Structure formats: structure tokens, C-alpha cells
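Below is one structure, written out as C-alpha cells; the observations come after it.
The values are calculated or read from the model by the stated rules, or taken from the named source; none is laboratory data. This is a predicted model, so every value here is computed, not measured. In this analysis, Cβ positions are derived from the backbone assuming ideal geometry, glycine residues included, and neighbour counts consider all displayed protein chains.
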Amino acid sequence: MTDELQDALNAAGSGEQPAKKKARKQPAPAAGEAPQRTASSLGANANPITLDDTYSGLREDNRVVMRHTIALNIESFRAAPDNFTARPARTYAPLPEVAAPFFSVIVPNYNGVVHLPTVLAALHNQTFRDFEIIVIDDASSDSSVALVERDYPGVRLLVNRANLGFVRSCNVAADAAHGRYLVLLNSDTEPEPGWLAALAHAIVAHPEAAVIASKLLLFDRRSTLHTSGDLLGVDGVARNRGVWEEDRGQYDAATAIFSGCGGASAYRRDVWQALGGFDEDFWMYLEDVDYGFRARLLGYTAVFAPAARVYHQLSASGGDTLASFYVGRNTIWLIAKNMPRSLLLQHWRAILRAQVKVAGDALAQWRGEAARARLRGQVAGLLGLPAQLAKRRVIQPHRQVEDGEIAGVLVEL
């Protein structure tokens, strides 16, 4: 940056005029040379950049290329006829200002045409109205896209040309969202009419929270819990709090959780962007716990909104075999990326014992496809450790909390 430009920037910031410098006397051109062009010789409106020798040389080179291109394509040029009329200038109305919605509800979909009418009807019946709906279809082979295009014109539809996986689809849709909070909602769910209103109340009550989790109940047994927030054990294994229990409100007062299920949770947009969304290497399963762990390391919390009730059809959006493989693999990656070193040293026996138990149980049920998938997942997790340890070297130096604070949110089981 030149001294003159720096003076001008400083003056613009301070409101003062830059100090004037004495004009330098230009040397007279030698005999036979063309007079040198200067800003003063070209007037007050001269562009000093065009006087630069490098720029002038590039501009002359471009002229040569242009002349060469014209010569090669001279037969393609046609003179304008005498009656040629230039296209009239077109004017457009100014674009209206549209306020960003409070929520962007993102519904990832893969071959879920039988479930979409239920979830979209439930969203239409929400009492809280300040939201947009985004359906992102992950290259479905059914008629999901045609259904949304035909019957739901108010829904923003994104379509992946190839199957990118649940995690990547969530990230793509989040990048396109306009809302201040991102809400992920599985296509095989049915939220109650007051669901978004309850999430909004929890956000107001806990503005520091990066994740706000819903209460998920079984679709066909609506008093049975699927999850009231995710927990993480000292062994590195994630657990659904209250899974399969009768919902008697036993967790409604305990709003502090480790993270929220990605099937029905709200996420602060600024934190989402700071973390880069979900880790796309996870593809599906435990990406939400990994996200919650990374948010924890930066000092953010997760809370449970008990009044935000959603009914979930289990295994409709992911089968047992897929879940077994990805949970087996991603559990190892989750620990390798995020667990602080002191906690690894403190709990390594519990971590190893949990993984050996998983492998032993799978071997005992070797004939089952899900058991074999879990073993393949563990092997894939070990083979993928170098890449995850590289991520760890990025994550851990940026931690904003002490190990004791992380230890305080891990559960002993």
C-alpha cells in the first residue's frame, strides 16, 4: 500500500484531510521518446492504475489476443443491417425487502414420500408462524420431489443430484436457510401444534444455549419416550435419556443435557456457522452428539424443551444395519476428536471396556446382519483414526472451557 493511499484511508477514518506533498518534477523525455503520460497531463479524472507499466503491458497483450481472436473468427461476424433496432432498456421493479424468519425448519428426506404429508401437515398447523420450511431431498427414487412440487408450493425444495447422506444434506439446507435459528426435523415425525412455540420459549429462556432439544416420543405409542435429550457417558458412548420409559414428566425439570437429537432440535445459526455445521465424514448417526461436544468445548450449552413434543417413527429414515455400522464407527471418531486428553487418561479403561463389550456382543450374534455391521463399523472407525486425529489437532487448541467442566456433564453408568 502506497503512502498516499494510506494517508487517504487514515483521513477518511478521522475526517481530516491528508497532508499535501510537493509535486515531483517529471524528467524530460529523451530524444526520440514519446512524452510520458501522467495523471496531471491527463486531467483530474485520470485513473492512475492505467498509468502503471505492468497494467499497460497486460492491456496491450490483451489487445493482441483480441485481434487474433477476431482474425480467426472473422467469417462469423456480420454487419448490422440498416434497419437494426437496439433492444430497448428494460426496467424492473425494486425487490421488496423480506424480513428473515425466526426459524428455518429443515426436513431432510430420502424416499420418504409416505411420511412427508404427515410432517408437512403438522408444520402447517403450528401455532408459531414465523418460520420457513425447507425440504431437501437426497436423490430419492420415489415420488417425493413430485409430491412437494405439486402439493406444497409454499415449501422451499432443494434436490441433491446424487445421494449425499443425511449430514451433508443438513449442511446444504442450512447454507440456504434464512432463519435466525435452524431447526432439523426428520421426515418421519409429527410435531404437535405448539412444538415451535415451545422451542421459541426455550430459546428466550436460555439464549446462551447452542442446541435446544425436543421431547421425542414413539409415533405408535405416544406416551413412550424415545429421547428427552442426549447424554454422553465417561466411556464415550452416547445414550438417549429416558429411552423406552413411560413419559410421566420425570425429565421435564432437568433441562440440562449434553446435546440434542438431530431429528428434532433447534440450533443457533451463529454457532452453527462457527462450527461449520455437522461433520460430513459422519454421514449419519452421532453427528448431533459430535456437534454438541464441539459446541461444549467452545463454552456453549444444550437445553431440553419438554413442551416441544414430537412423535417419531423409528427406523423409518434409517435401518438397523445402517445404524449399527455408523454408530460403531462414529463412536470411535467422536471420542478421538473431542475427548480432552486428561479425560482420556482418566477414563481409558471405561472407554476400552465399552468397545470390547460391543465387539464381544457382536461376535456372539455373528449370524445377525446388524452385529456384523457393528463390527465393520468398529474396524472402519479404527482405520479412520488418522483423519480424526488431524481434526483433533484443530479442535482442542481452540477450547474455551476447562476439562473439569466437560467432566461435569459426562455421566457415570
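If I ask for residues that are touching a Ser or Thr at 6+ places or on another chain (Cβ under 9 Å) and either farther than 25 Å from Glu190 by Cα or among the basic types (Lys, Arg) (or both), which ones from region 262-289 would you list?
Arg269
For a quick check of your reading of the model, give me the residue pairs whose first member lies in region 143-163 and is within 13 Å of Tyr110 (Cα to Cα), whose second is aromatic (Phe, Trp, Tyr) and crowded, with 17+ Cβ neighbours inside 10 Å, with beta-carbon atoms closer than 6 Å and at least 6 apart or on different chains.
none
Got at least one residue in region 255-269 being over 23 Å from the mean Cα position of the chain (by Cα) and either among the hydroxyl-bearing types (Ser, Thr, Tyr) or over 27 Å from Ala407 (Cβ atoms) (or both)? Before you say what the answer is, go through the steps one by one.
If we filter region 255-269 for residues that are over 23 Å from the mean Cα position of the chain (by Cα), which is where we start, we get 255-256.
Restricting the remaining residues to those that are either among the hydroxyl-bearing types (Ser, Thr, Tyr) or over 27 Å from Ala407 (Cβ atoms) (or both) gives 255.
Checked region 255-269: at least one residue is over 23 Å from the mean Cα position of the chain (by Cα) and either among the hydroxyl-bearing types (Ser, Thr, Tyr) or over 27 Å from Ala407 (Cβ atoms) (or both).
Which residue out of Leu196, Leu232 is at pLDDT 95 or above, buried (at least 22 other Cβ atoms within 10 Å of the Cβ) and not in a strand (DSSP E or B)?
Values: Leu232 fails: not in a strand (DSSP E or B).
Result: Leu196 is the single residue among Leu196, Leu232 that is at pLDDT 95 or above, buried (at least 22 other Cβ atoms within 10 Å of the Cβ) and not in a strand (DSSP E or B).
For region 199-228, give me each residue that is outside any strand (DSSP E or B) and of a type in the set (Lys, Arg). Write out each step before concluding.
Taking region 199-228 as the starting set, the residues that turn out to be outside any strand (DSSP E or B) are 199-208, 219-223, 228.
Listed by number, the residues that qualify are Arg221, Arg222.
Which one is nearest to Gly112 (Cα to Cα), of the residues in region 126-140 that are without any contact (Cβ under 8 Å) to a residue 60 or more places away in the chain and in a strand (DSSP E or B)? Before the answer, list the steps.
Applying the first criterion (without any contact (Cβ under 8 Å) to a residue 60 or more places away in the chain) to region 126-140 yields 129-130, 132-140.
Right, trim to in a strand (DSSP E or B) and you get 132-137.
Numbers: Glu132: 20, Ile133: 16, Ile134: 15, Val135: 11, Ile136: 11, Asp137: 9 Å.
Looking at the filtered set, the residue picked out is Asp137.
From the list Ala253, Ala266, which residue is at pLDDT 95 or above and closer than 24 Å to Glu192 by Cβ? Walk me through how you get there before you give the answer.
On the way: Ala253 fails: at pLDDT 95 or above.
So the residue among Ala253, Ala266 that is at pLDDT 95 or above and closer than 24 Å to Glu192 by Cβ is Ala266.
List pairs: first residue in region 323-340 and in contact (Cβ under 8 Å) with a residue 40 or more places away in the chain and in a helix (DSSP H, G or I), second residue of a type in the set (Val, Ile, Thr) and buried (at least 24 other Cβ atoms within 10 Å of the Cβ) anywhere in the structure, Cβ distance under 7 angstrom, at least six positions apart or on different chains.
Partner pairs satisfying both residue conditions: Leu334/Val289.
Checking the structure you have, find out if any residue of region 342-349 is aliphatic (A, V, I, L, M) and surrounded by fewer than 16 Cβ atoms within 10 Å (Cβ to Cβ).
Initial filter on region 342-349 (aliphatic (A, V, I, L, M)): 343-345.
Okay, now just the ones that are also surrounded by fewer than 16 Cβ atoms within 10 Å (Cβ to Cβ), so 344-345.
So far as region 342-349 goes, yes, one or more of its residues are aliphatic (A, V, I, L, M) and surrounded by fewer than 16 Cβ atoms within 10 Å (Cβ to Cβ).
For the list (1) of a type in the set (A, V, I, L, M); (2) in a loop (DSSP other than H, G, I, E, B); (3) over 23 Å from Ala202 (Cα atoms), I need the number of the one condition that Ala71 fails.
(2)
Would you confirm whether any residue within region 361-372 is within 18 Å of Pro340 (Cβ to Cβ) and either surrounded by fewer than 17 Cβ atoms within 10 Å (Cβ to Cβ) or more than 26 Å from the chain's Cα centre (by Cα) (or both)?
Applying the first criterion (within 18 Å of Pro340 (Cβ to Cβ)) to region 361-372 yields none.
No; the residues of region 361-372 include none that is within 18 Å of Pro340 (Cβ to Cβ) and either surrounded by fewer than 17 Cβ atoms within 10 Å (Cβ to Cβ) or more than 26 Å from the chain's Cα centre (by Cα) (or both).
Given the structure, is Tyr285 modelled with pLDDT under 95 and either surrounded by 22 or more Cβ atoms within 10 Å (Cβ to Cβ) or more than 18 Å from Ile257 (Cα to Cα) (or both)? If you could, list the steps in order and put the result at the bottom.
Numbers: modelled with pLDDT under 95: yes; either surrounded by 22 or more Cβ atoms within 10 Å (Cβ to Cβ) or more than 18 Å from Ile257 (Cα to Cα) (or both): yes.
Spelling it out, Tyr285 is indeed modelled with pLDDT under 95 and either surrounded by 22 or more Cβ atoms within 10 Å (Cβ to Cβ) or more than 18 Å from Ile257 (Cα to Cα) (or both).
Output the residues belonging to region 202-254 that are of a type outside the set (Asp, Glu), over 29 Å from Phe102 (Cα atoms) and free of Cβ contacts under 8 Å to residues at least 60 places away in the same chain. Outline the logic, then answer.
Taking region 202-254 as the starting set, the residues that turn out to be of a type outside the set (Asp, Glu) are 202-207, 209-219, 221-229, 231-234, 236-244, 248-251, 253-254.
When the remaining residues are screened for being over 29 Å from Phe102 (Cα atoms), the result is 221, 223-224, 232-234, 236-239, 242-244, 248, 250.
Result: Arg221, Ser223, Thr224, Gly242, Val243, Trp244, Arg248, Gln250.
Based on what the data block shows, is Arg374 more than 23 Å from Ala213 (Cα to Cα) and modelled with pLDDT of 95 or more? Spell out how you get there, then give the answer.
Details: more than 23 Å from Ala213 (Cα to Cα): yes; modelled with pLDDT of 95 or more: no.
Taking the combined requirement at face value, the residue does not satisfy it.
Suppose the filter is surrounded by fewer than 14 Cβ atoms within 10 Å (Cβ to Cβ), on the phi < 0 side of the Ramachandran plot and either part of a helix (DSSP H, G or I) or at pLDDT 95 or above (or both); does Ala390 pass it?
yes
What pairs come out if I take residues in region 170-194 that are in contact (Cβ under 8 Å) with a residue 24 or more places away in the chain and of a type in the set (Lys, Arg) and pair them with residues that are part of a loop (DSSP other than H, G, I, E, B) and surrounded by fewer than 23 Cβ atoms within 10 Å (Cβ to Cβ) whose C-beta lies under 8 Å away, six or more apart or interchain?
Going by the 8 Å Cβ cut-off, the qualifying pairs are Arg180/Ala100; Arg180/Pro101; Arg180/Phe102.
Taking Lys357, is it within 22 Å of Asp279 (Cα to Cα) and either modelled with pLDDT under 95 or out of contact with any strand residue (DSSP E or B) (no Cβ under 8 Å at 6 or more places or on another chain) (or both)?
Numbers: within 22 Å of Asp279 (Cα to Cα): no; either modelled with pLDDT under 95 or out of contact with any strand residue (DSSP E or B) (no Cβ under 8 Å at 6 or more places or on another chain) (or both): yes.
No; evaluated as a whole, the condition is false for this residue.
State whether one or more residues within region 238-256 are in a strand (DSSP E or B) and surrounded by 24 or more Cβ atoms within 10 Å (Cβ to Cβ).
Going residue by residue through region 238-256, those that are in a strand (DSSP E or B) are 238-240, 246, 256.
Those left that are additionally surrounded by 24 or more Cβ atoms within 10 Å (Cβ to Cβ): none.
No - not one qualifying residue is present in region 238-256.
Does region 92-108 contain any residue that is farther than 30 Å from Tyr181 by Cβ, among the β-branched types (Val, Ile, Thr) and at pLDDT 75 or above? Give the derivation first.
As a first pass, look at region 92-108 and keep what is farther than 30 Å from Tyr181 by Cβ: 92-93.
This time we only want the ones that are among the β-branched types (Val, Ile, Thr), so: none.
The answer is no; no qualifying residue exists.
Among Asp138, Asp130, Asp151, which is charged (D, E, K, R), surrounded by 15 or more Cβ atoms within 10 Å (Cβ to Cβ) and more than 19 Å from Gly260 (Cα to Cα)? So that I can check it myself, show each step before the final result.
Working: Asp130 fails: surrounded by 15 or more Cβ atoms within 10 Å (Cβ to Cβ); Asp151 fails: surrounded by 15 or more Cβ atoms within 10 Å (Cβ to Cβ).
It is Asp138.
Under the condition of being β-branched (Val, Ile, Thr) and without any contact (Cβ under 8 Å) to a residue 12 or more places away in the chain, which residue from region 344-385 is farthest from Gly408 (Cα to Cα)?
Per the criteria, the residue is Val379.
Looking at Arg376, is it in contact with a Gly (Cβ under 8 Å, 6 or more places away or on another chain) and assigned to a helix (DSSP H, G or I)?
So Arg376 passes the test.
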